[in-house]
Amino acid sequence: MKIGVLIYGFFGLLIGLVIGFWIANSVNRNFPPPLVNQNPISLQQTKAPENSGEKLSPDEIKAAFAAAENRKEDAVFQKNLGLALSRYAKVQSDSSFLPELITLLERANRLSNEKDTDILTTLGDVYFIQAREKSEAGLYEKARSLYQSAVRLRPDNADIKRAYASTFLFSKPAKPEAAITELNSILKQNPSDEDALQLLVLALIQTNKVEIAGQKLSELKKINPDNPAVPDLEAQLTQNKINLNR
């Protein structure tokens, strides 16, 4: 059984997953399933757990959830298993058990009295992924509510605030103006926040604010000219200008 290795291998956040490379596929394009992303931008510095190559069988995953059911009041076990399975799902690009994972994380969130930011943000991530796959407004709203609760607990955490802003940018219908407000708040604290800046460029493009988008894109290239999202953002900005001039 590899469950012990899974639980104790990694307890990190999954916030960057909601951003990933969706930027490169955002305007008038189809989004790839989020868990398929191989290089989410804001996780570039995150090391994969040593056991990332370990593959759990369906029976082992089922056993993990059964163990959680048998220890429903064990808050530490619920949290650790939920976070570990979330990380495993991302590493293995496996979204097959996300409904069960939501149940597990909801239980962990309840046991923590909704005061644990690791649980709140990871649960928000999973709802966000489900929202992308199912295109359900209610799931976006659930993810947004969870991120918002986490922001209240950790108002200076830019990762959580970017995830919260992303729920406005990628939901259907999108609310890019709300995303712009949140992203500007992040950049006011840290003008060099690369992830927030690239999301802001995308939001500005979506609202047809091409001049400001161009300015922010220039700022992004100064911060990191090798940012992999830059070519696609440039192409989207150019196409947006062409469309506006027709």
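Remarks
- Ile129 vs. criteria at pLDDT 95 or above and among the β-branched types (Val, Ile, Thr): no
For every residue, the table says whether it meets (1) of a type in the set (Ser, Thr, Tyr); (2) more than 19 Å from the chain's Cα centre (by Cα); (3) within 20 Å of Arg162 (Cα to Cα).
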{"site": "Lys72", "(1), (2), (3)": "no, yes, no"}
{"site": "Ala84", "(1), (2), (3)": "no, no, no"}
{"site": "Tyr88", "(1), (2), (3)": "yes, no, no"}
{"site": "Gln92", "(1), (2), (3)": "no, no, no"}
{"site": "Arg107", "(1), (2), (3)": "no, yes, no"}
{"site": "Gly124", "(1), (2), (3)": "no, no, yes"}
{"site": "Ile129", "(1), (2), (3)": "no, no, yes"}
{"site": "Arg132", "(1), (2), (3)": "no, no, yes"}
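- Residue in the stretch 73-95 that is open to solvent by 10 Å² or more (accessible area, probe 1.4 Å), part of a loop (DSSP other than H, G, I, E, B), in contact with a Phe, Trp or Tyr (Cβ under 9 Å, 6 or more places away or on another chain) and touching a residue at least 24 places away in the same chain (Cβ under 8 Å) present: yes
To keep it simple, each residue is scored yes or no on (1) in contact (Cβ under 8 Å) with a residue 60 or more places away in the chain; (2) within 29 Å of Asp74 (Cβ to Cβ); (3) of a type in the set (S, T, N, Q).
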{"residue": "Asp116", "(1), (2), (3)": "no, yes, no"}
{"residue": "Ile119", "(1), (2), (3)": "no, yes, no"}
{"residue": "Ser135", "(1), (2), (3)": "no, no, yes"}
{"residue": "Asp156", "(1), (2), (3)": "no, no, no"}
{"residue": "Ile160", "(1), (2), (3)": "yes, yes, no"}
{"residue": "Phe170", "(1), (2), (3)": "yes, no, no"}
{"residue": "Gln198", "(1), (2), (3)": "yes, no, yes"}
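- Odd one out for Ala174 among (1) in a helix (DSSP H, G or I); (2) surrounded by 16 or more Cβ atoms within 10 Å (Cβ to Cβ): (1)
- The single condition among (1) of a type in the set (A, V, I, L, M, F, W, C); (2) modelled with pLDDT of 95 or more; (3) within 30 Å of Glu106 (Cα to Cα); (4) crowded, with 21+ Cβ neighbours inside 10 Å that Leu169 does not meet is (2).
- Where helices (runs of 4 or more DSSP H) fall wholly inside the stretch 179-246, the ranges with 1 or more residues that are open to solvent by 80 Å² or more (accessible area, probe 1.4 Å) are 210-223, 230-244.
- Top-ranked residue of the stretch 98-122 - restricted to ones that are of a type in the set (S, T, N, Q) and in a helix (DSSP H, G or I), ranked as most open to solvent (accessible area, probe 1.4 Å): Thr103
- For the stretch 128-163, a residue qualifies if it is hydroxyl-bearing (Ser, Thr, Tyr) and either on the phi > 0 side of the Ramachandran plot or open to solvent by less than 30 Å² (accessible area, probe 1.4 Å) (or both), and the qualifying residues are Ser135, Tyr140, Tyr147.
The values are calculated or read from the model by the stated rules, or taken from the named source; none is laboratory data. Source: prediction; values computed, not measured. Note that we place each Cβ from the backbone using ideal geometry, even for glycine, and neighbour counts take in every protein chain shown. Note: accessible area is taken over every heavy atom of the protein model, side chains too, but ligands, DNA and RNA are not part of it. Shrake-Rupley method; radii C 1.70, N 1.55, O 1.52, S 1.80 Å.
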